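In what follows, a structure is listed as structure tokens, so that the remarks can point back to it.
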Amino acid sequence: MNRYGLIGEKLGHSYSKIIHEQLADYTYDLIPLSKEEFAPFMEKHEFASINVTIPYKQDVIPYLDEISEAAQAIGAVNCIVNRNGRLCGHNTDYAGFLYTLRNNNIKITGKKVLVLGNGGAAKAIVAALNSLDPKELITVKYKEEPGVITYEQAARMHADASVIVNTSPVGMYPNVDASPMDIAPYEALTAVVDLIYNPTTTKLLAQAKDRGITAVNGLEMLVAQAKYAVELFLNTEIPDKRIEDVTLLLSRRT
């Protein structure tokens with residue numbers, strides 16, 4: 001079964017089909033699955049390779065025969081390769097985010113970093129950031145929870161942060177006037193990364209750009225993680241230059 005595609009609950013706004021069909025010579029399907037449809041789909045596993053998005057990145061794990069070290073450490077899978085009936089799970093969000101940091105010359109080692117949000121998207125980001133040995137990594141959320149501080153506490157206690165990464169959906173289309181935080185108190189900021197890519201410049205990134213701070217959206221990471229997925233799907237290598245080409249193509253479209 002040579003079926004490639006993306007499974008998730010709501011896929012109406014996904015760019016994955018465009019990206020994969022730019023990077024590889026196969027048809028890539030968007031496969032929306034309800035909670036009821038999910039289990040039968042995974043049990044049949046009638047696909048060559050698939051990507052996985054919200055809300056199934058953890059739900060797929062019990063169906064796998066193998067899981068990569070990175071995916072196991074993160075506790076989430078976004079990429080499954082069917083090798084002769086054995087399902088192998090990977091997480092390419094991790095490598096995709098590291099590529100974005102490298103490509104934009106964003107230094108993490110020895111820096112204080114704030115991660116906004118602690119949902120599914122944050123898992124790979126936190127693992128990737130920790131691999132770069134930050135001085136301190138603090139998770140910020142709108143409400144207090146164990147291991148998390150509030151935005152008010154962050155502004156009061158960590159205004160010396162160097163890098164802010166938004167993994168929350170605040171500011172995503174259609175709520176483009178929303179921002180997870182005001183970065184005015186953060187005078188030591190060198191970079192802001194927002195995983196949102198629609199709009200291409202969120203209110204958070206616009207505020208960073210106004211101050212001349214490196215401001216990067218999530219489009220490049222989206223393309224990079226897809227490139228690493230295609231490499232796993234087809235057991236091939238694709239030059240990183242293709243990430244830039246496809247990111248440019250998409251940013252022109254949006």
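Quick look at the values:
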read-out	value
Distance violations [Cα-Cα > 25 Å] among Lys107/Lys141; Lys17/Lys44; Lys57/Lys241; Lys107/Lys227; Lys35/Lys143	Lys57/Lys241; Lys35/Lys143
Net charge of neighbours whose Cβ lies under 9 Å from the Cβ of Arg86, counting Lys and Arg as +1 and Asp and Glu as -1	-1
Residue order, fewest to most surrounding Cβ atoms within 10 angstrom, among Lys241, Lys111, Lys227, Lys17	Lys241, Lys17, Lys111, Lys227
Environment charge at Ser162 (Cβ cut-off 15 Å; Lys +1, Arg +1, Asp -1, Glu -1)	+1
Cβ charges +1 (Lys, Arg) and -1 (Asp, Glu), total dipole of the chain, debye	380
Neighbour-limited loop hits for trypsin sites (Lys or Arg not before Pro), region 113-153 (at most 15 other Cβ within 10 Å; DSSP other than H, G, I, E, B)	Lys135, Lys143
Intensity falloff of region 95-217 expressed as log10 I(q)/I(0), Debye formula with alpha-carbon point scatterers, at q = 0.19 Å⁻¹	-1.04
Pairwise FRET efficiency - Asn104 versus Ala188, Cβ, R0 = 22 Å, nearest 0.05	0.75
Region 183-253 - charge dipole about Cα centre, Lys and Arg +1 at Cβ, Asp and Glu -1, debye rounded to 20	260
Highest-MSF residue in the chain out of Ile149, Ile196, Ile19 [GNM, Cα springs under 10 Å]	Ile149
Region 95-217 - percent relative contact order, Cα under 8 Å, separation 6 or more	22
³J(HN,Hα), Karplus 6.51/-1.76/1.60, whole Hz, each residue of region 243-254, x for Gly, Pro	4, 4, 4, 6, 4, 5, 4, 5, 5, 5, 5, 8
Prolate/oblate/rounded label for the chain (Cα gyration tensor, a/c 1.5)	prolate
Whole-Hz couplings from phi, Karplus 6.51/-1.76/1.60, listed for region 50-55; x for Gly and Pro	9, 9, 10, 10, 3, x
For the chain, built as a Gaussian network whose Cα springs stay under 10 Å, the top-fluctuating residue of Asp65, Asp210, Asp240	Asp210
Relative contact order of region 1-43, pairs being alpha-carbon contacts under 8 Å that are 6 or more residues apart, as %	48
Neighbour count of at most 10 Cβ within 10 Å plus DSSP loop: longest GluC sites (Glu not before Pro)-free window in the chain	47-143
Asn166 long-range amide H proximity, modeled H, under 5 Å	Leu116, Val193, Asp194, Leu195
Asp65/Arg242 FRET efficiency (R0 45 Å; Cβ-Cβ; nearest 0.05)	0.90
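Every number here is computed from the coordinates shown, using simple stated rules; none is lab data. This is a predicted model, so every value here is computed, not measured. Cβ sites come from the backbone with ideal geometry, for glycine too, and all protein chains shown count toward neighbours.
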